[in-house]
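K.L.:
I'd like to ask some things about the structure below.
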Amino acid sequence: MSRRRFLIARFIAAGFGTGYAPLAAGTVASAAAVVSGAGLLLLSPWLLVLAALLATAGGYAAVQRAGVEGDPGWVVIDEFAGQWITLLALARPTLAGLAAAFILFRLFDITKLGPVGWADRKHGAFGIMADDVIAGCIGGVLLLLLRVARPDWIM
């Protein structure tokens with residue numbers, strides 16, 4: 001693989017540079033994903049679906065191509081994928097909805113509860129990506145339930 005492709009893969013794996021934040025790179029990446037995801041959702045929910053799919057599949061490929069070992073802190077494309085998946089539960093971006101999406105995703109990403117922990121223990125690109133995708137799915141389902149139960153809070 002060429003040096004250029006390797007560097008592009010690392011840039012993508014690093015969440016377009018957010019992974020190089022000096023502190024809490026995962027949280028920084030999640031916050032950037034909320035802001036960019038809100039913009040995509042405003043333009044079209046289908047753009048957010050496409051972004052989530054590309055971040056998941058492209059992130060997996062980028063992590064493999066970048067030759068990542070373990071789960072280094074600078075690899076945060078998985079945060080983008082998971083956060084964007086959680087945001088799919090919103091009909092439209094509102095401050096309360098975006099905050100709830102951020103908190104729910106980060107809660108499962110950090111605590112590694114249930115199947116998130118199972119995926120986190122897997123090796124390679126699969127383990128790096130899968131725990132955040134699962135955390136995003138769980139966060140999205142809970143956010144959708146919250147929207148149904150209390151639409152005045154999230155809508």
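K.L.:
Kindly indicate which of ALA99, ALA57, ALA38 is modelled with pLDDT of 95 or more and surrounded by 15 or more Cβ atoms within 10 Å (Cβ to Cβ).
P.N.:
Values: ALA99 fails: surrounded by 15 or more Cβ atoms within 10 Å (Cβ to Cβ); ALA57 fails: surrounded by 15 or more Cβ atoms within 10 Å (Cβ to Cβ).
Only one candidate passes the filter, namely ALA38.
K.L.:
Kindly indicate the residue of the range 106-128 that is under 17 Å from LEU87 (Cα atoms) and of a type in the set (A, V, I, L, M, F, W, C) and also surrounded by the most Cβ atoms within 10 Å (Cβ to Cβ) among those meeting that condition.
P.N.:
Filtering first and then ranking leaves PHE108.
K.L.:
In addition: Any idea how many residues of the range 70-94 are modelled with pLDDT of 95 or more and either in a helix (DSSP H, G or I) or of a type in the set (S, T, N, Q) (or both)?
P.N.:
Residues flagged as modelled with pLDDT of 95 or more and either in a helix (DSSP H, G or I) or of a type in the set (S, T, N, Q) (or both) within the range 70-94 amount to 11.
K.L.:
When you scan the range 1-20, how many residues do you find that are more than 17 Å from the chain's Cα centre (by Cα) and under 16 Å from ALA33 (Cβ atoms)?
P.N.:
0
K.L.:
Can I ask one more? So which residues in the range 107-120 are in contact with a helix residue (DSSP H, G or I) (Cβ under 6 Å, 6 or more places away or on another chain) and assigned to a helix (DSSP H, G or I), if there are any at all?
P.N.:
The answer is PHE108, ASP109, PRO115, VAL116, ALA119, ASP120.
The values are calculated or read from the model by the stated rules, or taken from the named source; none is laboratory data. Please read these numbers as outputs of a predicted model, since none were measured by experiment. Neighbour counts are summed over all protein chains in view; Cβ atoms, including those assigned to glycine, are modelled from backbone coordinates with ideal geometry.
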